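The values are calculated or read from the model by the stated rules, or taken from the named source; none is laboratory data. The shown structure was predicted, so the numbers you read here are calculated from the model rather than taken from an experiment. Counting neighbours? That spans all protein chains shown, and the Cβs are built from the backbone with ideal geometry, glycine included.
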Amino acid sequence: MDLDYIISEAKKNGFTLAEPLDCNTLILRPEVRDMCSADKCHAYGRNWTCPPYCGTIDECREKISKYKKGVIVQTTGYLEDDFDIETMQETARKHSDNLKAISQKVKAQDPNALILGAGGCKICPKCTCPDKPCRAPELAFSSMEGYGMVVSEVCTANNVPYNHGRGTLTYTGCILFEDSGEEA
């Protein structure tokens with residue numbers, strides 16, 4: 001599996017943008033994780049892929065340190081107005097669906113690849129956390145923010161637009177992998 005394969009597959013699977021990611025630009029910040037603990041999204045301690053269950057900053061840093069290559073993926077929605085909740089929700093669902101689709105293809109090639117999305121995992125209607133184990137750990141993915149990344153900084157450091165203009169809403173994720181140097 002290589003970079004061109006993932007970018008091509010990402011675009012085939014509905015992402016509006018897929019670009020190379022330099023793994024050396026991934027900086028994990030404790031202050032981002034501190035924002036998670038404020039629980040504004042109501043997932044802190046209630047989702048296996050969110051803090052504190054996705055690992056400490058040091059554990060997340062250790063996980064990402066083994067990856068040499070990456071791809072930033074984005075799904076952009078075009079809003080009718082600033083209150084177009086339906087398009088906001090549809091874009092979030094589409095981004096999650098895109099990640100699920102590309103995740104299965106990437107994991108078939110590289111079971112150790114790390115997929116990070118936007119927001120907590122939403123594969124199940126209600127997460128079993130903290131009472132029972134995850135129903136689908138092979139499909140679940142954490143968020144870039146949950147790992148402590150400032151998504152706008154990651155985008156800027158990789159020459160990828162974070163904001164696609166007025167009237168748009170963009171969700172960002174990334175795929176990290178070890179480059180085998182071979183074509184898929």
The range 66-79, subset surrounded by fewer than 19 Cβ atoms within 10 Å (Cβ to Cβ) and modelled with pLDDT under 95, residue nearest to THR16 (Cα to Cα): LYS68
Test result for ILE123, part of a loop (DSSP other than H, G, I, E, B), among the aliphatic types (A, V, I, L, M) and either within 17 Å of the chain's Cα centre (by Cα) or surrounded by fewer than 18 Cβ atoms within 10 Å (Cβ to Cβ) (or both): yes
Residues that are farther than 13 Å from TYR53 by Cα and either touching a residue at least 40 places away in the same chain (Cβ under 8 Å) or of a type in the set (Phe, Trp, Tyr) (or both), drawn from the range 129-147: GLU145
Enumeration of residues in the range 83-106 that are of a type outside the set (S, T, N, Q) and in contact with an Asp or Glu (Cβ under 8 Å, 6 or more places away or on another chain): ILE102, LYS105, VAL106
Test: residue in the range 50-58 that is modelled with pLDDT under 90 and more than 17 Å from the chain's Cα centre (by Cα): no
Test result for THR156, within 28 Å of ASP84 (Cα to Cα), under 17 Å from the mean Cα position of the chain (by Cα), among the polar types (S, T, N, Q) and assigned to a strand (DSSP E or B): no
